[in-house]
Amino acid sequence: MSANGHGIATRAVRPDVRATALATASGPAATFATTEHFNLQVSRTITVSEANGRASIYLAALSSNLIALAFIGQISQLGVAFYAFALILLPALAFVGTVTFLRLVQSSIEDIAYAHRIALVRSYYLRISPELEPYLIALRGTRTAPSHGGPGAWQLTLTVAGMVAVVNSVVVAACAGLALVAAGVDSLAISVTAGAFVGAGAFALHHRHHRRARDSYSPEAIDRAAILIPPPQSADPA
């Protein structure tokens, strides 16, 4: 305790030696962690941008193909040319939707892995500065971060991959119904019922793959797919 020039008592605060030593020792590590945090944030942004771009491409292809089908149906008066054009176009569109769905599922899993890695970096921040705990969300538990109570069927449908799965299942159903009509089935009820069953089966397959991919997710598998570190090569003898 000391007095300043105005006669006011002041307290000299000495810096914590342990905290100063820890901050000095962890300086490079904190810089590396901050850089990794930034890279992970950029990677998450890339996955979201790719998902939006792929979904937009698929929906644009779907809308343009439906317009083309409408023109062909008008010109041919729903004749043979319409069914031939539709049965060539819709399977190709279903293939585009399927590969789009598969990639969207992969992107969502990668986004989960990046979010897990960001949580690990935040837990490192708390080890250096525990006073930040009220302001940071840190990961608690094992490094594999097992999921407890995964999302339900409706929650998976709300994702971009789930939306594409529903739309693509409708395309598959329409293709099946048109195939029956082209084969000579005159009953509209039979074609619609068969198409509905085919569409429901297609959606069930999409949903099953989505759930299995989400349940079997592990950050280590994502890391092995994204980052390849070649083994050290031994020097050739002279």
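The values are calculated or read from the model by the stated rules, or taken from the named source; none is laboratory data. These figures come from a predicted structure and were not determined experimentally. Positions of Cβ are generated from backbone atoms using ideal geometry, with glycine treated the same way; all protein chains shown enter the neighbour counts.
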| query | Given the conditions (1) surrounded by fewer than 16 Cβ atoms within 10 Å (Cβ to Cβ); (2) of a type in the set (Lys, Arg); (3) modelled with pLDDT of 80 or more, and given that Arg54 satisfies all but one, which numbered condition is not satisfied? | reply | (1)
| Which one of Leu69, Leu104, Leu78, Leu89 is among the aliphatic types (A, V, I, L, M) and outside any helix (DSSP H, G or I)? | Leu78
| request: Considering every residue within the range 141-148, establish whether at least one is surrounded by fewer than 19 Cβ atoms within 10 Å (Cβ to Cβ), assigned to a helix (DSSP H, G or I), at pLDDT below 90 and not aliphatic (A, V, I, L, M). | output: no
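Looking at the range 48-83, which of the residues that are over 30 Å from Ile112 (Cβ atoms) and in contact (Cβ under 8 Å) with a residue 12 or more places away in the chain is nearest to the chain's Cα centre (by Cα)?
For the range 48-83, the residue satisfying everything is Asn65.
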| field | Residues of the range 181-191 satisfying the condition of being without any contact (Cβ under 8 Å) to a residue 40 or more places away in the chain, touching a helix residue (DSSP H, G or I) at 6+ places or on another chain (Cβ under 6 Å) and surrounded by fewer than 19 Cβ atoms within 10 Å (Cβ to Cβ) | value | Val185
| said: Going residue by residue through the range 31-41, is there one that turns out to be crowded, with 16+ Cβ neighbours inside 10 Å, assigned to a helix (DSSP H, G or I) and of a type in the set (D, E, K, R)? | reply: no
| request: Return a yes/no flag: does the range 178-200 have any residue that is on the phi > 0 side of the Ramachandran plot, out of contact with any strand residue (DSSP E or B) (no Cβ under 8 Å at 6 or more places or on another chain) and at pLDDT below 90. | output: yes
